[in-house]
1. Sort out which residues of segment 600-622 are open to solvent by less than 60 Å² (accessible area, probe 1.4 Å), within 43 Å of the chain's Cα centre (by Cα) and closer than 20 Å to S650 by Cα, and write them in order of number.
2. Hey, any hits in segment 280-297 for a residue that's farther than 16 Å from E316 by Cα, part of a helix (DSSP H, G or I), of a type in the set (A, V, I, L, M) and touching an Asp or Glu at 6+ places or on another chain (Cβ under 8 Å)?
3. Can you run down the residue pairs with Cβ atoms below 8 Å, 6 or more apart or on separate chains, where the first is in segment 367-378 and under 13 Å from T420 (Cβ atoms) and aliphatic (A, V, I, L, M) and the partner is part of a loop (DSSP other than H, G, I, E, B) and open to solvent by 90 Å² or more (accessible area, probe 1.4 Å)?
4. Could you check segment 569-583 and list, in sequence order, the residues that are without any contact (Cβ under 8 Å) to a residue 24 or more places away in the chain and either under 34 Å from the mean Cα position of the chain (by Cα) or farther than 18 Å from L502 by Cβ (or both)?
5. Go through the residues of segment 635-646 one by one and say whether even a single one is modelled with pLDDT of 70 or more, more than 46 Å from the chain's Cα centre (by Cα) and surrounded by 18 or more Cβ atoms within 10 Å (Cβ to Cβ).
6. Looking at segment 300-321, can you tell me whether even one residue there is among the aliphatic types (A, V, I, L, M), surrounded by 15 or more Cβ atoms within 10 Å (Cβ to Cβ), over 30 Å from P99 (Cβ atoms) and more than 34 Å from the chain's Cα centre (by Cα)?
7. Applying the selection to segment 262-277, what residues are within 19 Å of A307 (Cα to Cα) and open to solvent by 40 Å² or more (accessible area, probe 1.4 Å)?
8. Restricting attention to segment 340-381, and to residues there that are within 29 Å of the chain's Cα centre (by Cα) and of a type in the set (D, E, K, R), which single residue is least open to solvent (accessible area, probe 1.4 Å)?
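The values are calculated or read from the model by the stated rules, or taken from the named source; none is laboratory data. Keep in mind the model is a prediction, meaning the values are calculated, not measured. Virtual Cβ from ideal backbone geometry, glycine too; neighbours counted across all protein chains shown. Ligands, DNA and RNA are stripped out before the accessible areas are found, and what is left, the full protein with its side chains, is counted by its heavy atoms. Shrake-Rupley method; radii C 1.70, N 1.55, O 1.52, S 1.80 Å.
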Amino acid sequence: MTTHVLGIRHHGPGSARAVVSELDRIQPDIVVIEGPADADRLATDVDHIDMVPPVAIMAYAVDDPAVSAFWPFGGFSPEWQALLWAAHHRVPVRFCDLPAATVLAQRDQRHENASFVRVDPIGALAEAAGYDDPERWWDDVVESRTDGTGFDAITEAMRTVRELEPAEDDPIEHQREAHMRQVIRKATREFATVVVVCGAWHAPALAGKLPAASADSALLRGLPKIKCATVWVPWTHSRLAAASGYGAGIRSPGWYQHAYLERDRPVETWLTLAARALREHDVFVSSAHVIEGVRLANALAAMRGRAHPGLSEVNEATEAVLCEGSDTRFGLIVRELVIGERLGSIPEHLPMVPLLADITKQQKSLRLKPDPTAKQVILDLRKPNDLAKSHLLHRLAVLGIPWGEPEMTSGQGTFKEAWTLQWLPEFAVKVVVSSVWGNTVYRACKAKLADAAENATHLGEVTAAIEAALLGGVDEAVAPLLTILENKAAVDRDLTELMAALPALARSLRYGDVRRTDAGALGEVTTSLLRRVNVGLPATLTGLGPDAAAEMLVHVNAVTETVDLLDAEVRGEWLTTIARLADRDDLHGSLVGRFVRIGVDGAVFTTTEAARRMRRALSIGAPADEKSAWIEGFLSGSGLLLVHDTELLSVIDEWLIGLTAAEFTDVLPLVRRTFSTFDAGIKRNIGHAVATAGAAVHAEFAIDADRARPAVIAAAAIFARGIAHA
């Protein structure tokens, strides 16, 4: 009876090669692999022709599919290569970690134990060896090796690091290792030669003479379990990356995949792929770039005393030579190659991902059949079934599954929605990626909205999440999202952030009744934000230049549209603020003009009062550009008022007529820009009104030729004498 413990680095290509080499040398009777112990049956699927990594074992609670966990594998993962080796050699496989049923049952305890501070074993060993980069140390010691040596040394090194652990450690880790030992004990009773493939951290606890089984049994006694199911699901390289939040993630899955497959000339082929990627984005890269990049990578490795260039050297060569120092170009290489977006696949006969199962179930119940050809549907939100269809489409949109593309509908009613539906094959990928948020559409949407709001950098993103929750009928998300909005708004001193957050809330209030949602709390938050805007706006407007004033106009217009949906008291408060601002002479002309127009539309100012203010703004003394800015602010959005109010039109007409040639040249572009935003019909009506007013003036002051004749004769005589004397 012989047991060999191979301590590996999860998703390490060097570890994978070393594991395969050792398995070929040892020829074990059974392979024991770190993974959920109740997923043994899945090991038989790995050598199917349609099973292409990256893939993951997914476990989910049968009674509550939202409770789930994943164990991912890349093609370069040592555990995956061990599974393949066992399948090809017809050697049995057993997973030895805690069962998924226990992992899911312990989810709350695992969250609490996340506060344990553990020594980073790779970091500790790297520091002891004089490395400032733990990944580089591991790459030198293990990843760059092609034989099976080094496992005993790694186990002893990890044993030393584990001695640095505090006495009071994470109890779940002790339970995991106890369960691993129990599985190993059982395997050694049944088979002569056992190979154990596990994370290097656990190797010291599993190698050599094992402690008494009774102690491990006592540690495992009474562990909680829930009824769960395990399935294979496709995975992606980006989900293997550390940036995705996966606990055993790596920073460069694309590079590791390449390093595992390209054993002879990995640097040369990698830089060739990088050059190809840049060319596809219309960046010129020649063969000389690739050659010089390879030389630089090798030179850097030699300077640093490394046997072969690693990812650090290759990245530096890529950025310096192929990308010519451009961060943007190098970022493209990182996304497309270093991380990559390789998608795995699983055979069709295997069980379906729970999220996809839920989508399929809803499609059938709503009679909304997925179709690869585009078709348009009109939903009447007053009908329960159509409302449920709308909820599903909006929820899938939140999850990044754009089955339905919203279209414009005719009329002003909010009870109709138009969609263009087209189910594309790549949506299967998006479903798998979205599975991390939950295993039902409702819960996944709720979790993703909460995450988006918590990590939002702008209040507008939070209100957009609230709007999406209401559109999708995710009622349970609304209250927490409103709380997040209130908390973020309480510490946000940027008034424009508050103003930008209001339009989405206004739209939500507008269709709240149609979608049968409780808009009470939403209205309270909207009112609270608006009152803060009322208080802070006067100080914020002081000293704004043309560009800042133009940006502020956008926010002012949006807030004005928002208050139209609130009660009369709140609307009155906003109009009172606007009226006060319209009296200030220290603001940019476009702002004052807009405030006067809002006052007219809100019945705070009469058109006669507006005309008086306009005459004052256009009086002699003010620069022409300031006058045109006032007009631009007053007319922004619509010129319909000029069609119906000839007094205002005549004021603008008199101002334009009174301009000097130089002034007219200066203001013409600004006036033209203002009038260009009007509809063609409005511009035509304004032109007609001006022509009519001109005709009336001409009729009022018509010349009587008979009465004027003596004056004309006298004037002609005067001019004639002047010419004769000259």
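1. Kept after step one, since they are open to solvent by less than 60 Å² (accessible area, probe 1.4 Å), are these residues of segment 600-622: 600, 602, 605, 607, 609-611, 613-614, 617-619, 622.
Going one step further and asking which of them are within 43 Å of the chain's Cα centre (by Cα), we end up with 600, 602.
Passing the criteria: only V600.
2. No: segment 280-297 contains no residue that is farther than 16 Å from E316 by Cα, part of a helix (DSSP H, G or I), of a type in the set (A, V, I, L, M) and touching an Asp or Glu at 6+ places or on another chain (Cβ under 8 Å).
3. Listed by first residue and then by second, the contacts come to nothing, as the list is empty.
4. Result: D583, single match.
5. The initial filter retains those residues of segment 635-646 that are modelled with pLDDT of 70 or more, namely 635-636.
When the remaining residues are screened for being more than 46 Å from the chain's Cα centre (by Cα), the result is none.
No.
6. Looking through segment 300-321, at least one residue is among the aliphatic types (A, V, I, L, M), surrounded by 15 or more Cβ atoms within 10 Å (Cβ to Cβ), over 30 Å from P99 (Cβ atoms) and more than 34 Å from the chain's Cα centre (by Cα).
7. Taking segment 262-277 as the starting set, the residues that turn out to be within 19 Å of A307 (Cα to Cα) are 262-271.
Listed by number, the residues that qualify are E262, R263, D264, R265, E268, T269.
8. The residue in question is D358.
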